[in-house]
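Reading through the structure tokens given below for one structure.
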Amino acid sequence: MAGVAGLILAGGLGSRFGGPKAWALLPDGLSFLDVCTASLRAAGASPVAATLPPGTDDPMIDGLVAVPLPGAGLDMFASLRIGLQRLVREQGWTRVAVLPVDHPLVRSATIIALAAAAAPAVIPRHRGKHGHPVVIDRASATAMADGVLTGPTLREVLHEIGAVDIEIDDPGVVANCNTPDSLASALASLT
């Protein structure tokens with residue numbers, strides 16, 4: 001979809017997973033970061049950036065801009081701001097899909113549907129439960145990057161800018177794969 005950027009939040013240390021979730025593997029051998037990048041790119045997102053743990057080398061994934069975080073222990077909103085600061089330097093997008101790396105099962109069709117919604121921000125819901133990715137318009141993303149919208153959490157910013165919920169028939173939006181057990185459970189529920 002033209003005019004959509006992608007931001008993968010993958011800067012955490014992944015202590016519950018046993019290491020950074022960006023490098024966690026799905027059964028097909030692809031990393032969470034590979035799959036999230038591919039889903040965003042298949043939805044037409046460009047550019048696609050990913051915040052990564054401090055000191056991370058560029059993973060050399062086609063179409064991905066690596067944004068290593070400056071230090072460990074940053075909260076999700078700080079990681080989001082750093083990623084948005086990188087993206088707002090790029091032209092050609094009007095909305096950004098923000099996808100935490102621990103949601104690698106989201107379908108590209110879901111990203112397309114969310115990006116098409118006419119609202120400052122969109123939150124997917126599956127069977128009444130909120131999920132990811134959220135899609136944010138450029139003005140709101142720029143305001144977050146510039147420190148005008150300060151959170152301290154994304155949830156508060158989404159409320160402030162009038163985000164709307166959209167019911168989505170994609171269990172991947174609520175499949176938070178933040179531990180090996182939660183990944184196994186999410187995969188089992190999809191079969």
Can we say Arg41 is surrounded by fewer than 24 Cβ atoms within 10 Å (Cβ to Cβ), within 13 Å of the chain's Cα centre (by Cα) and basic (Lys, Arg)? yes
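This table checks each residue for (1) in a helix (DSSP H, G or I); (2) open to solvent by less than 20 Å² (accessible area, probe 1.4 Å).
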| site | (1), (2) |
| --- | --- |
| Ala50 | no, yes |
| Ala66 | no, no |
| Gly71 | no, no |
| Phe77 | yes, yes |
| Arg89 | no, no |
| Val96 | no, yes |
| His103 | no, yes |
| Val106 | no, yes |
| Ile112 | yes, no |
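In the range 55-64, which residues are open to solvent by less than 50 Å² (accessible area, probe 1.4 Å) and either part of a loop (DSSP other than H, G, I, E, B) or out of contact with any strand residue (DSSP E or B) (no Cβ under 8 Å at 6 or more places or on another chain) (or both)? Steps first, please.
Step one: list which residues in the range 55-64 are open to solvent by less than 50 Å² (accessible area, probe 1.4 Å), which gives 56, 59, 61, 63-64.
Listed by number, the residues that qualify are Thr56, Pro59, Ile61, Gly63.
Can you pull out the residues in the range 1-23 that are over 12 Å from the mean Cα position of the chain (by Cα), buried (at least 23 other Cβ atoms within 10 Å of the Cβ), at pLDDT below 95 and not basic (Lys, Arg)?
Within the range 1-23, the subset over 12 Å from the mean Cα position of the chain (by Cα) is 1-4, 12-21, 23.
Next, from what is left, pick out any that are buried (at least 23 other Cβ atoms within 10 Å of the Cβ): 4, 12, 21.
Next, from what is left, pick out any that are at pLDDT below 95: 12, 21.
Listed by number, the list holds a single entry, Gly12.
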If you scan the range 121-153, which residues turn out to be open to solvent by less than 10 Å² (accessible area, probe 1.4 Å) and either out of contact with any strand residue (DSSP E or B) (no Cβ under 7 Å at 6 or more places or on another chain) or at pLDDT below 95 (or both)? Met144, Ala145
Give me the pairs: first residue in the range 126-151 and in a strand (DSSP E or B), second residue charged (D, E, K, R) and open to solvent by 20 Å² or more (accessible area, probe 1.4 Å), beta-carbon distance under 6 Å, and six or more apart or on different chains, which are they? Val135/Arg95; Asp137/Arg95
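Could you list all residues from the range 1-23 that are of a type in the set (Gly, Ala, Ser) and over 22 Å from Phe77 (Cα atoms)? Even if it seems obvious, please write down each step before you answer.
Taking the range 1-23 first, the residues of a type in the set (Gly, Ala, Ser) are 2-3, 5-6, 10-12, 14-15, 18-19, 22.
Once the filter is applied, which keeps residues that are of a type in the set (Gly, Ala, Ser) and over 22 Å from Phe77 (Cα atoms), the range 1-23 yields Ala2, Gly3, Gly18.
Considering only residues that are under 17 Å from Asp28 (Cβ atoms), over 20 Å from the mean Cα position of the chain (by Cα) and not small (Gly, Ala, Ser), which ones fall in the range 165-191?
Looking only at the range 165-191, we keep the residues that are under 17 Å from Asp28 (Cβ atoms), and these are 172, 175, 177, 180, 183-184, 186-188, 190-191.
Subset that is over 20 Å from the mean Cα position of the chain (by Cα): 184, 188, 190-191.
Passing the criteria: Leu190, Thr191.
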Residues that are crowded, with 18+ Cβ neighbours inside 10 Å, of a type outside the set (D, E, K, R), outside any loop (DSSP other than H, G, I, E, B) and touching a residue at least 60 places away in the same chain (Cβ under 8 Å): does the range 158-165 have at least one? no
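The values are calculated or read from the model by the stated rules, or taken from the named source; none is laboratory data. Model, not experiment: these values are computed from the prediction. Glycine gets a Cβ as well: all are built from the backbone with ideal geometry, and neighbour counts include every protein chain shown. The area values use the complete protein model at the heavy-atom level, side chains included, leaving out ligands, DNA and RNA. Shrake-Rupley method; radii C 1.70, N 1.55, O 1.52, S 1.80 Å.
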